[in-house]
Structure formats: structure tokens, C-alpha cells
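Just dropping this structure here.
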Amino acid sequence: MRSTFLSTLLDVAKHNDKIFLLCGDLGYSVLEPFAAAFPQRFLNVGIAEQNMIAVASGLAKEGYNVFVYSLGNFPTLRCLEQIRYDVCYHNLSVKVVAVGGGYSYGPLGTSHHTTEDFGVLRTLPRMRVAAPGDPHETAAITRYYGSLAGPGYLRLNKTGEFCVHPQSLEPVGPTTYCLKKGKTTAVLANGSMLQDVFQDPRFELNQWALFSVPFVKPMDLDWLVGLAQEFEELISLEEHQLSCGFGSALAEGLMDLYSQGKISRVPRLKRVAIPDVFVEHSGSQAYLKATVGLKL
């Protein structure tokens, strides 16, 4: 996903001279093509993520659409105060890009496990929150963010993801993708969990529908209305804490629609997410997912 993000941003920057990229002393072997093509629109600010958000905000005040690239928790949790006050409060065009979402950097331990970012960032007014499920979704969201005024968050997995979608997608903004039709039950996958669904033998054995839902915020409420009308059960999958994540956003959206009289019933919702624990040991992403029970 990170290679797709960079190649897409490079193409967007060729047609938009207001695209600026900042990084926090990482991205070697990935970001060099952008730095070489646009040396006046690239800056490595070093290991100073809070300052990086402040620099991005200043550039955005001067009219740039700034992409801030760093690893996992470092451009998000470490920079929460700067994102809240500098970016969101002033509605600035700063897009925070975190590579290594979830347990992507599992061997590096809890400091590098990005598992609370949705909950923290989706509470901030004006902030959009997205985690693409494959390279095609990554490219579409990058293009959308490249033309979007205001704050945004893009959580990327790491590398090596296969393409679930058969072809490239239009950058149409917050949307969902139906990948398989089914009856009674719909599986709603966010981010890296979309890859896991296709590798789970249970999925092929059941007549379940499958939707990829990259945007945690804003939620597509018209789509939720259709789900409530069509399916009896929903299963949400996310590589995030059970609290305040994708499944929570679904539950909130459904209950709000019910209280507003826009749906007459609320389908059962099974949330598959990380329980209320820290994983206090290291291991591969697949191993840590299995340890906390992230499976259908």
C-alpha cells in the first residue's frame, strides 16, 4: 500500500503544484522518487513529529495541501494536540498518513502497534478517517485527498497486499464497495481485514455478502439504510480496539438512523476487533491478529 500511495501522490503532484510532502525521517526506498521530482515540495523534518504537524499547518495556511508521512502512532497519538488545535480547529488541508497500521510492525512491540488511532482521530471535528483494504482503494483515497480541502487521515498497512478489486477505482470520496452478494448476513471489512476475509475458508462456505468499508468517518448513511433493510446480521472486522473504532461507528450510525425513524429495525451486529488488552509480546502481524482473535 505504501508504494501505491507514493506513486499515486507523485502523479497527483505532477498536476497539482500545491501538493507538499513531509516525512519524519523514514520512508527510505519509498519517498525518494517524490523528493527527486519535487525537491521544493518535499521536506524531511527529522524525528520531530509534533513539529512536523506544526510545519504542515503553516504550509497549509500558505495554500498547500500537505501530506504528512510517518510510522504508525508517531504522526497520530504523539501529535494529537497539534492535530486538534493546529489542523482541525483551523480546518487546514493537512493529510496525516500513517504507514504500518494495526499490528503491521508487530515485532517492534506495543509502541509500534497502531490500534487506537480510529477512536482518537474520529472524535476530532472535520477529520476524515480512512483505512483502505487494497492498493486500488489506496490509490482512490489518495487521489480524493489530493483534491480535498480540510483535514484527513489515511492509515496504510505496510507492503505486499494483493489487489482485491479487479480494476482501479474512481476517487469518489467516502464510499463502500460490494465485493460479493449474499443473503441474511453481510461481512463489513475495514483496512487489512479485507485481505484476511479472502483467505478465510469459512467465507467461501457461507452465503455471506462482503463489503469493503475503507472510511470510518464519515460513514455512508444511505448505505447503512440499505444494509438495515436487506440483512438480518452484520459482522464488522477491523484491526483496531473494540472501543471507538469501525464497529462502534457502525453501531452509532445504525442507532441514530433508528432513532430518526429512517430505519424500522436494527440488524444484529457482531463486532470483531481487538479486545480491551495490550499485546505485551512481539510477533508477526498474522500471529498477533490470531492471538487477539481477529478472524471471522
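Of the residues Asp256, Asp196, Asp222, which single one is in a helix (DSSP H, G or I), within 27 Å of Gly100 (Cα to Cα) and among the acidic types (Asp, Glu)?
Asp196
Given Gly63, Gly133, Gly150, Gly119, which one is outside the structural domain of Glu252 (by TED's automatic domain parsing), in contact with a His (Cβ under 9 Å, 6 or more places away or on another chain) and part of a loop (DSSP other than H, G, I, E, B)?
Gly133
Does Phe215 count as among the aromatic types (Phe, Trp, Tyr), touching a Pro at 6+ places or on another chain (Cβ under 7 Å), outside the structural domain of Pro125 (by TED's automatic domain parsing) and under 21 Å from Asp134 (Cβ atoms)?
Numbers: among the aromatic types (Phe, Trp, Tyr): yes; touching a Pro at 6+ places or on another chain (Cβ under 7 Å): yes; outside the structural domain of Pro125 (by TED's automatic domain parsing): yes; under 21 Å from Asp134 (Cβ atoms): yes.
Spelling it out, Phe215 is indeed among the aromatic types (Phe, Trp, Tyr), touching a Pro at 6+ places or on another chain (Cβ under 7 Å), outside the structural domain of Pro125 (by TED's automatic domain parsing) and under 21 Å from Asp134 (Cβ atoms).
Could you identify the single residue in Ser282, Ser243, Ser248 that is of a type in the set (Gly, Ala, Ser) and in a helix (DSSP H, G or I)?
From the options Ser282, Ser243, Ser248, the qualifying one is Ser248.
Tally the residues that are within 20 Å of the chain's Cα centre (by Cα) and either farther than 21 Å from Ser192 by Cα or of a type in the set (Ser, Thr, Tyr) (or both), restricting the search to the range 247-264.
3
Would you mention how many residues in the range 66-106 are at pLDDT 95 or above, within 13 Å of Lys158 (Cβ to Cβ) and either part of a helix (DSSP H, G or I) or not assigned by TED's automatic domain parsing to the domain that holds Phe38 (or both)?
0
Which one is modelled with the highest pLDDT, of the residues in the range 199-219 that are of a type outside the set (A, V, I, L, M) and in a helix (DSSP H, G or I)?
Among them, the one singled out is Pro201.
Residue-by-condition table, conditions (1) hydrophobic (A, V, I, L, M, F, W, C); (2) farther than 25 Å from Glu239 by Cβ; (3) surrounded by fewer than 17 Cβ atoms within 10 Å (Cβ to Cβ); (4) outside the structural domain of Glu116 (by TED's automatic domain parsing):
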position	(1), (2), (3), (4)
Leu26	yes, no, yes, no
Val30	yes, no, no, no
Phe42	yes, yes, no, no
Gly46	no, yes, yes, no
Glu49	no, no, no, no
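Moving on. Restricting attention to the range 265-280, which residues are in contact with a helix residue (DSSP H, G or I) (Cβ under 8 Å, 6 or more places away or on another chain) and either closer than 24 Å to Ser192 by Cβ or among the small types (Gly, Ala, Ser) (or both)?
Pass one, the range 265-280, residues in contact with a helix residue (DSSP H, G or I) (Cβ under 8 Å, 6 or more places away or on another chain): 265-267, 269, 271-275, 277-280.
Within the range 265-280, Leu269, Arg271, Val272, Ala273, Ile274, Pro275, Val277, Phe278, Val279, Glu280 meet the criteria.
The values are calculated or read from the model by the stated rules, or taken from the named source; none is laboratory data. No experiment lies behind these values; they were computed from the predicted model shown. So basically every Cβ, Gly included, is an ideal-geometry build from the backbone, and we count neighbours across all protein chains shown.
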